[in-house]
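Step one of this worksheet: look at the structure below.
The values are calculated or read from the model by the stated rules, or taken from the named source; none is laboratory data. The structure presented is a predicted model; accordingly, all values stated were derived computationally and were not measured. Glycine also receives a Cβ, built like all others from the backbone with ideal geometry; neighbour counts cover every protein chain displayed. All accessible areas refer to the heavy atoms of the entire protein, side chains included, with ligands and DNA or RNA removed. Shrake-Rupley method; radii C 1.70, N 1.55, O 1.52, S 1.80 Å.
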Amino acid sequence: MIRLIPKTNINFISRRKITYILSLIIFLASLLSIFLLRGLNYGVDFSGGTVLHLTFRAPIKTEDLRGILQKMGVKSATVQKYIEGYEFIIKIGPADYQRLANFSSDLLTMIKDYYPESEPEILKEETVGPRIGRELQRNTLIALILGIIGILIYVSFRFDFRFGTGAVLALIHDAVIATGFVSFFQIPVNVPVVAALLTIIGYSVNDSIVVSDRVRENLRKMRKDNFLEILNKSINETLSRTILTALTTILVTVILAIFGAAEIKDFAKIMTFGIIVGTYSSIFIVCALVFDWEKKSSPR
Amino acid sequence: MRYGKIKLALIIIVIVAVLYSLYPTYQLYFSIPKRENYLKNLLSNAQTKEDSARIQSELVDLEGEKIKIHKRALHLGLDLVGGMHLVLEIDKSQLARGEVKDAADRAQEIIKNRVDQFGVFEPIIQRMGEDRILVQLPGVDRARAKSIIGQTALLEFKLVAEERFTAEVLKKIDEYSKKVAKDTLKEGSFFNYLIDVGKVDLGVDERDLPYVSRLLEEVDTIINPPSRPERDQYEFLFGPLENYEGKRIRRLYLLKKVPELTGKGIASARVDAYQGSNINLANTWIVSLKLNREATRTFASVTGRNVGRRLAIVLDGVVRSAPVIQERIPSGEAMITTGDVNPERARDLAIVIRSGSLPAPVLVIEERSVGPALGLDAINKGIKSVVIAAILVLIFMAFYYKLSGLIADCALFFNILFTLAVLASLRATLTLPGLAALALTVGMGVDANVLIFERIREELRFGRTVRAAVDTGFSRALVTIIDANVTTVITALVLYFFGTGPIKGFSLTLIFGLLINLFTAVFLTKFAIDALLTKVGLRSLPI
């Protein structure tokens, strides 16, 4: 029998102050990044506008591309290089798109004009009207809220309210920090990013459930007076499972992040980060919160 | 083992059903292309006429088979095969409230009709709400899709401005371009951009079009002073792209804004060979139009009043031709020249005109086109990454849990096949996010098996017998696995109902992957391990 994680007996709960502080700092930093400092970089799905994925046979400089866009009178363009010189993703806002009905073909003509050898080709073009973007924003927000409510209902139905709340707090913790990651690295927020966030939420609860299940089982087996010990034992007993699954899932997402196509890459990056945070919170936060709640509500 | 035979029968039935429903997919993507390549190879090396005829007919048969099989195979999303995704919305500004639904119904019908006639493979044309239409055209590029859907088939007959008037306007624009709009044009004067085409027409080089169109947008007030009544206002319109003395140009016309006649008066439109006297148009195809009675009368009076002037035939804002009116035309017949030796464009045009113009203008509110190259790239990368990830995970499992891990590996592999089979039988599409969901399913499947195996190990450490450890391991872990899967399914369901397009694919794949996971990771693995312990008589379980 190979054992990656040896039998442990770590007192996670007693050291909760450290992880509380760590979590709080990262949590606040994420909120700060999302709402004050960097904000969210909405992709076309939500902001509306046009995204062009262009490739060239001969390399072309990013500044030159910007120059051409300026000549066309496009003010809202962002140019992102995908493969230096050869592949670019250009995004323009809804106002410019509505003004320039033939934006993509005009742009191609201009580029061909200045760089005849570059032979530009449009790999992908996406246009989303501003109204549909707003609708999608609203729907996504509803989806996120409904998703969280659905999980809350299920968790509180299956477990007692303490663990339900612990799991949901951990979930919010994970979701906010993952969103902070998206904001910090300015990953364009499109529908796949939201899918990643929701999946992280599901995964986070998943991890909390495994620990809570074990606590419930141990509560039945052991004497109830030492709640702290029961919690610690449960975390330790499930530790090897928690880490193993996190590792195998991360193996999958890391490979998707390296070899996947453009959109899947972002999705996989967020997932990888989210799983790390989710695993951390299920080990260090959920039971600690439950313990503090218990201590507050029934002082001995 | 209780109900052993029934379980075995159930498992065999499921396996057979899965393989059966995946067979068409295998045929469509693997065996048929292989056969096709083989035949094509053979065809290029064919010696005799009979041989090549025989191979050709086989290829045709194969094509027919492909269409039949396609209905039962797993579909690949637009992000994988390339194609066009459009969401159209009826422009409500001109409609009364009660007319919206009816207009959308008719628009949908017309678009469907056109798409069918154009021969697009497996299109999707669906209503979304009252006033929106979703159109998905696999394998169709942007330009063609737009010519199918976007064309409003607005046919107008407009009088061309008189030459002297045109010259005056052009001069004014040139002055403006030199003084005011120096930045709009690359090189100063507007006249530098105009090319003489034939005796009377002017043209603009394809490469200069963006500049010229922008300039023309700016000078609207010069062409039409505010005092001039609407009836007498003019506008510039281009002709189609054409080759002229080695250049790619579009002709430029100054026309009356208000049309003399519109396409509403068309009784029929059909394809014909050009038989007129213009040498440039010899051997090309045209669309012959027949006007209805009322339009015929108007046409006769317009042509009667304007003999010697030019009347432009404008389709969707593009001047198709601008013949000189030689005499009054009482017959109600007109033609649109295409200048193509190939009849295809004329045929497409006739379809659009015949099936009528859309009842109200449609706005494209969402448009996503994926070139086939990117689709191919995405599918290669997608499959590659999923396969690599899966293989690494499988190796890890087999290495870490020995024989039990191998059993779990088989179950995982089957999990993927089963999920694909369900998607295929539901006629769902596999999208790029769907591939990610498949990878995630593998992750969750591993999770379930890790949960079970760790539990069995724990029980074994407590000194239980192998049998007891296996039984408790599975039954204890089952509850946790169900809990874990249900929460993920909840989020996936929410995504399914609120998501669009590819995300629906993601959530659908994840939902089925997880449900099937319960069958493969728990039921199938348990059955295999049980069988090993009781039938094969294994004393200890390598885990």
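Data for the structure
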| item | result |
| --- | --- |
| Strands (runs of 3 or more DSSP E) wholly inside the range A:63-155 containing at least 1 residues that are facing another protein chain (nearest Cβ under 7 Å), farther than 30 Å from A:N206 by Cα and open to solvent by 40 Å² or more (accessible area, probe 1.4 Å) | A:121-128 |
| Set B:D377, B:D409: member being without any contact (Cβ under 8 Å) to a residue 60 or more places away in the chain and over 26 Å from the mean Cα position of the chain (by Cα) | B:D409 |
| Number of positions in the range A:1-32 that are among the basic types (K, R) and either open to solvent by 100 Å² or more (accessible area, probe 1.4 Å) or within 23 Å of A:P94 (Cα to Cα) (or both) | 3 |
| Enumeration of residues in the range A:259-282 that are surrounded by 24 or more Cβ atoms within 10 Å (Cβ to Cβ), part of a helix (DSSP H, G or I) and not hydrophobic (A, V, I, L, M, F, W, C) | A:G274, A:G278, A:S281, A:S282 |
| Within the range B:312-415, strands (runs of 3 or more DSSP E) holding 2 or more residues that are within 14 Å of chain A (Cβ to nearest Cβ), modelled with pLDDT of 80 or more and surrounded by 22 or more Cβ atoms within 10 Å (Cβ to Cβ) | B:362-370 |
| Search result, residues across the range A:156-172 that are part of a loop (DSSP other than H, G, I, E, B) and surrounded by fewer than 17 Cβ atoms within 10 Å (Cβ to Cβ) | A:D160 |
| Filtered residues of the range B:132-165 (kept if part of a loop (DSSP other than H, G, I, E, B) and open to solvent by less than 20 Å² (accessible area, probe 1.4 Å)) | B:V140, B:A153, B:A161 |
| Among the residues listed as A:L251, A:L244, A:L256, the single one being in contact with a Leu (Cβ under 7 Å, 6 or more places away or on another chain), open to solvent by less than 50 Å² (accessible area, probe 1.4 Å), of a type outside the set (D, E) and at the interface with another protein chain (Cβ under 8 Å from one of its Cβ atoms) | A:L244 |
| Tally, over the range B:436-472, of residues that are under 30 Å from A:K269 (Cβ atoms) and over 48 Å from the mean Cα position of the chain (by Cα) | 0 |
| Residue match in the range B:248-255 (condition: in contact with a Gly (Cβ under 6 Å, 6 or more places away or on another chain), within 14 Å of chain A (Cβ to nearest Cβ) and among the hydrophobic types (A, V, I, L, M, F, W, C)) | yes |
| Residues (more than 10 Å from every other protein chain (Cβ to nearest Cβ) and either more than 29 Å from the chain's Cα centre (by Cα) or under 15 Å from A:I151 (Cα atoms) (or both)) located in the range B:473-510 | B:G473, B:F474, B:S475, B:L478 |
| Whichever residue in the range A:33-62 is open to solvent by 80 Å² or more (accessible area, probe 1.4 Å) and in a loop (DSSP other than H, G, I, E, B) and, among such residues, is farthest from the other protein chains (Cβ to nearest Cβ) | A:R38 |
| Any hit, the range A:188-204, residues being of a type in the set (F, W, Y) and more than 9 Å from chain B (Cβ to nearest Cβ) | no |
| Near pairs, Cβ below 6 angstrom, 6+ apart or cross-chain, from the range B:156-176 (farther than 10 Å from B:I223 by Cβ) to any residue that is surrounded by fewer than 18 Cβ atoms within 10 Å (Cβ to Cβ) and of a type in the set (S, T, Y) | B:E156/B:T262; B:D174/B:S189 |
| Residue in the range B:460-472 that is open to solvent by less than 10 Å² (accessible area, probe 1.4 Å), facing chain A (nearest Cβ under 7 Å) and among the small types (G, A, S) present | no |
| Of the criteria (1) open to solvent by less than 20 Å² (accessible area, probe 1.4 Å); (2) modelled with pLDDT of 85 or more, which one B:L202 fails | (1) |
| Residues located in the range B:238-260, provided they are of a type outside the set (F, W, Y), in contact with a strand residue (DSSP E or B) (Cβ under 7 Å, 6 or more places away or on another chain) and open to solvent by 30 Å² or more (accessible area, probe 1.4 Å) | B:P240, B:L241, B:E242, B:K247, B:R248, B:R250, B:R251, B:K256, B:K257, B:P259, B:E260 |
| Unmet criterion (only one of (1) open to solvent by less than 10 Å² (accessible area, probe 1.4 Å); (2) within 26 Å of B:H75 (Cβ to Cβ); (3) touching a residue at least 60 places away in the same chain (Cβ under 8 Å)) for B:T491 | (3) |
| Qualifying positions in the range B:210-226 - of a type in the set (S, T, Y) and surrounded by 14 or more Cβ atoms within 10 Å (Cβ to Cβ) | B:Y211, B:S213 |
| Close pairs (7 angstrom Cβ cut-off, 6 or more residues apart or separate chains): touching a residue at least 40 places away in the same chain (Cβ under 8 Å) in the range B:18-32, among the hydroxyl-bearing types (S, T, Y) and open to solvent by 20 Å² or more (accessible area, probe 1.4 Å) anywhere | B:S21/B:S425 |
